[in-house]
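For reference, the structure is listed below as structure tokens.
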Amino acid sequence: MAKDYQVGLLLDFYGSLLTDRQKDVISLYYEEDLSLAEIADEVGITRQGVRDAIKKAESILTETEEKLGLAKRFKILSEKVDIIKDKLSTVEDEKIKPVIKMIDELEI
């Protein structure tokens, strides 16, 4: 499950670097949980072609993350924002409530 989440996160960040077929295949595999045979039937290629497309897409996503690290930084930032929000929520000051609301509205 953790690998599925990681690939999904990388797909969100770097999916535009993949070909349409690679995006379709990796999405069907990880997000729709289809088997290689089911994907092969749907896309019109062999099971080996599906496997190769998945491995190539995973490689592109992983290598890009190793170079740029955007997903890792996003995860760290999200965790720190959650910690800050938790700490602020214990403060009993009306001036803090708008800050907590702003944090809640962040799309991270």
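Within the range 93-108, restricting attention to residues that are open to solvent by 100 Å² or more (accessible area, probe 1.4 Å) and not acidic (D, E), the residue that is farthest from L11 (Cα to Cα) is K95. Of all residue pairs spaced 6 or more apart or on separate chains, those with beta-carbon atoms under 9 Å, a first member in the range 87-108 that is touching a residue at least 24 places away in the same chain (Cβ under 8 Å) and of a type in the set (V, I, T) and a second member that is open to solvent by 80 Å² or more (accessible area, probe 1.4 Å) and assigned to a helix (DSSP H, G or I) are I108/L77.
With the condition being in contact (Cβ under 8 Å) with a residue 24 or more places away in the chain, I'd like the helices (runs of 4 or more DSSP H) fully within the range 1-56 carrying at least 2 qualifying residues.
Ranges flagged: 2-14, 20-30.
Looking at the range 83-92, can you tell me whether even one residue there is open to solvent by less than 40 Å² (accessible area, probe 1.4 Å), at pLDDT below 95, out of contact with any His (no Cβ under 7 Å at 6 or more places or on another chain) and β-branched (V, I, T)? No, the range 83-92 has no match at all. Residues that are open to solvent by less than 60 Å² (accessible area, probe 1.4 Å), in contact with a Lys or Arg (Cβ under 6 Å, 6 or more places away or on another chain) and touching a residue at least 12 places away in the same chain (Cβ under 8 Å): does the range 66-75 have at least one? Scanning the range 66-75 turns up no residue that is open to solvent by less than 60 Å² (accessible area, probe 1.4 Å), in contact with a Lys or Arg (Cβ under 6 Å, 6 or more places away or on another chain) and touching a residue at least 12 places away in the same chain (Cβ under 8 Å).
Conditions tested, residue by residue: (1) surrounded by 15 or more Cβ atoms within 10 Å (Cβ to Cβ); (2) of a type in the set (V, I, T); (3) over 26 Å from E105 (Cβ atoms); (4) at pLDDT below 95.
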| residue | (1), (2), (3), (4) |
| --- | --- |
| L18 | yes, no, yes, no |
| V25 | yes, yes, yes, no |
| Y30 | yes, no, yes, yes |
| D41 | no, no, yes, no |
| Q48 | no, no, yes, no |
| D52 | no, no, yes, no |
| K56 | yes, no, yes, no |
| E63 | no, no, yes, no |
| L77 | no, no, no, yes |
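Flag: D4 does not match the condition of being farther than 20 Å from K75 by Cα and open to solvent by 30 Å² or more (accessible area, probe 1.4 Å). Residues in the range 84-105 that are closer than 24 Å to R73 by Cα, out of contact with any helix residue (DSSP H, G or I) (no Cβ under 7 Å at 6 or more places or on another chain) and either among the basic types (K, R) or part of a loop (DSSP other than H, G, I, E, B) (or both): K87, K101.
The values are calculated or read from the model by the stated rules, or taken from the named source; none is laboratory data. What you are looking at is a predicted structure, and each value in this text was computed from that prediction instead of being measured. Cβ: placed from backbone, ideal geometry, glycine included. Neighbour counts: every protein chain shown. Just the protein is used for accessible areas: all its heavy atoms, side chains included, with ligands, DNA and RNA removed. Shrake-Rupley method; radii C 1.70, N 1.55, O 1.52, S 1.80 Å.
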